[in-house]
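Working notes for the structure below.
The values are calculated or read from the model by the stated rules, or taken from the named source; none is laboratory data. All values reported here derive from a predicted model rather than from experimental measurement. FYI the Cβ positions are ideal-geometry reconstructions off the backbone, even for glycines, and counts take in every protein chain you see.
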Amino acid sequence: MPELPEVETIARGLARRVTGDVIESVWLGKKPEPLKSSAREIAAAVESTRVVSVRRIGKHIVFELQRHTQKPRQAQFIVHLGMTGRLQVCHAQAEISKHTHAILKLASGRELRFIDPRRFGRLSVARRGDFDTVGIEPLEIDVDRFIPLFRGRKTPIKSALLNQKLLRGVGNIYADESLFRAGIRPRRRASTIRHDQYVKLLAAIKEVLKEAIALGGSSISDYVDDNGDEGFFQLQHRVYGREGEPCLFCKTPIRRIVIAGRSSHYCPTCQK
DNA sequence: ACTATTTCCTGGATGC
DNA sequence: TGCATCCAGGAAATAG
């Protein structure tokens with residue numbers, strides 16, 4: 001399930017492989033779900049453009065495109081991988097795998113393909129290159145802006161961390177891992193968390209995200225990067241997916257509860 | 001203005 | 001072996 005570190009890893013890999021290439025044409029599947037913009041709009045925005053760069057914004061992968069007409073025109077192709085989405089760069093002759101919803105033909109003879117069995121992923125374009133999303137990048141925020149995002153909320157801190165309108169990019173795994181490192185239970189109401197605990201929490205979030213990026217993300221179920229390589233951060237998980245296993249610090253069995261329909265893992269001894 | 005719950009979607013795991 | 005059921009979860013939609 002791609003969260004910030006996985007999306008960052010994928011975006012970097014894609015940048016390395018497709019920057020400078022030209023998108024000649026687009027094929028879009030019949031299933032409409034993965035298209036946030038209309039098929040016509042997507043085709044019009046991306047066909048005959050050069051990929052200038054690829055970057056991550058929250059959990060989105062953003063392709064910066066430039067059209068070379070008399071006047072250079074900016075546009076963006078935006079991909080959200082959802083749960084099971086993948087972007088594959090391969091030769092045009094490579095077999096088309098099941099659940100392929102979009103194919104971008106590149107001038108280099110390769111193709112950029114979007115594959116997503118569960119169809120939770122989304123494709124869209126910003127024709128003026130002005131894609132933006134609410135929420136602040138967790139790796140860029142400072143503590144003075146971080147705390148007011150959460151302080152006034154009665155919702156469990158875990159739910160608040162998953163709210164992309166506040167911080168963008170943190171998902172279920174990294175929320176659990178950050179809360180464990182900060183010693184805060186996922187059900188704690190955001191409004192009851194002390195200032196010093198928020199300082200710890202922000203430090204934990206940044207630490208976890210940076211470590212995960214360095215290891216290429218976490219491979220759970222079917223996550224692989226654009227090269228088909230798995231990440232290694234799952235080996236560093238201290239609570240996520242460890243229900244019943246002993247806490248690495250105090251040996252108390254890790255507990256799993258459901259918050260807002262999401263499984264949440266924590267140590268009942270180390271987290272208050 | 002918030003918060004909580006439901007919905008979408010399929011493959012893999014589990015149970016009988 | 002086969003069939004039904006459950007579960008994973010990001011984000012939008014809906015309800016309160």
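Looking only at residues that are of a type in the set (Asp, Glu) and in contact (Cβ under 8 Å) with a residue 60 or more places away in the chain in segment A:12-52, which one is farthest from A:His99 (Cα to Cα)?
Ranking the qualifying residues of segment A:12-52, first place goes to A:Asp21.
Between A:Glu6, A:Glu33, A:Glu41, A:Glu64, which is within 16 Å of DNA strand B (Cβ to nearest atom) and not small (Gly, Ala, Ser)?
Being within 16 Å of DNA strand B (Cβ to nearest atom) and not small (Gly, Ala, Ser) holds for just one of A:Glu6, A:Glu33, A:Glu41, A:Glu64, which is A:Glu33.
Going by what's in this entry, would A:Leu81 be described as within 16 Å of DNA strand B (Cβ to nearest atom), out of contact with any Ser or Thr (no Cβ under 6 Å at 6 or more places or on another chain) and over 30 Å from A:Thr192 (Cα atoms)?
Judged against the criteria, A:Leu81 is a match.
Of all strands (runs of 3 or more DSSP E) completely enclosed by segment A:23-98, which ones contain at least 3 residues that are within 17 Å of A:Ile115 (Cα to Cα)?
A:60-67, A:73-80, A:86-91
Here is a list of conditions, (1) over 22 Å from A:Glu6 (Cα atoms); (2) surrounded by fewer than 19 Cβ atoms within 10 Å (Cβ to Cβ), and A:Leu65 meets all of them except one; can you say which number that is?
(2)
What's the number of the only condition in (1) assigned to a loop (DSSP other than H, G, I, E, B); (2) more than 12 Å from DNA strand C (Cβ to nearest atom); (3) farther than 16 Å from A:Lys200 by Cβ that A:His101 fails to meet?
Condition (1) is where A:His101 drops out.
Please verify whether A:Ile103 is closer than 23 Å to A:Glu64 by Cα, within 16 Å of DNA strand B (Cβ to nearest atom) and under 22 Å from the mean Cα position of the chain (by Cα), treating the condition exactly as stated.
Considered against the rule, which asks whether it is closer than 23 Å to A:Glu64 by Cα, within 16 Å of DNA strand B (Cβ to nearest atom) and under 22 Å from the mean Cα position of the chain (by Cα), A:Ile103 comes out as no.
Yes or no: A:Leu112 in a helix (DSSP H, G or I) and in contact with a Leu (Cβ under 7 Å, 6 or more places away or on another chain)?
No: the conditions fail for A:Leu112.
Please specify each residue of segment A:245-268 satisfying the condition of being without any contact (Cβ under 8 Å) to a residue 12 or more places away in the chain and within 16 Å of DNA strand B (Cβ to nearest atom).
Listed by number, the residues that qualify are A:Glu245, A:Val258, A:Gly261.
Of these, A:Ser48, A:Ser108, A:Ser38, which one is surrounded by fewer than 17 Cβ atoms within 10 Å (Cβ to Cβ), within 16 Å of DNA strand C (Cβ to nearest atom) and over 27 Å from A:Ile213 (Cα atoms)?
A:Ser38
If a residue must be in contact with a strand residue (DSSP E or B) (Cβ under 8 Å, 6 or more places away or on another chain) and either within 14 Å of A:Ala45 (Cβ to Cβ) or more than 16 Å from DNA strand C (Cβ to nearest atom) (or both), how many such residues does segment A:65-86 contain?
Going through segment A:65-86 one residue at a time, the tally reaches 12.
Can you tell me which condition A:Phe131 does not meet? The list is (1) aromatic (Phe, Trp, Tyr); (2) buried (at least 19 other Cβ atoms within 10 Å of the Cβ); (3) within 14 Å of DNA strand C (Cβ to nearest atom), and all the others hold.
For A:Phe131, the failing item is (2).
One line per residue, one yes/no per condition, for (1) within 30 Å of A:Glu24 (Cβ to Cβ); (2) within 15 Å of DNA strand B (Cβ to nearest atom); (3) without any contact (Cβ under 8 Å) to a residue 60 or more places away in the chain; (4) touching a strand residue (DSSP E or B) at 6+ places or on another chain (Cβ under 9 Å):
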residue	(1), (2), (3), (4)
A:Arg113	yes, no, yes, yes
A:Phe131	yes, no, no, yes
A:Glu137	no, no, no, yes
A:Arg153	no, yes, yes, yes
A:Ala160	no, yes, yes, yes
A:Gln164	no, yes, no, no
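Could you list all residues from segment A:134-150 that are within 16 Å of DNA strand C (Cβ to nearest atom) and more than 19 Å from A:Glu8 (Cβ to Cβ)?
A:Val134, A:Leu149
Only one of A:Tyr223, A:Tyr198 is aromatic (Phe, Trp, Tyr), surrounded by 15 or more Cβ atoms within 10 Å (Cβ to Cβ) and at pLDDT 90 or above. Can you tell me which?
Of the residues listed, the single one that is aromatic (Phe, Trp, Tyr), surrounded by 15 or more Cβ atoms within 10 Å (Cβ to Cβ) and at pLDDT 90 or above is A:Tyr198.
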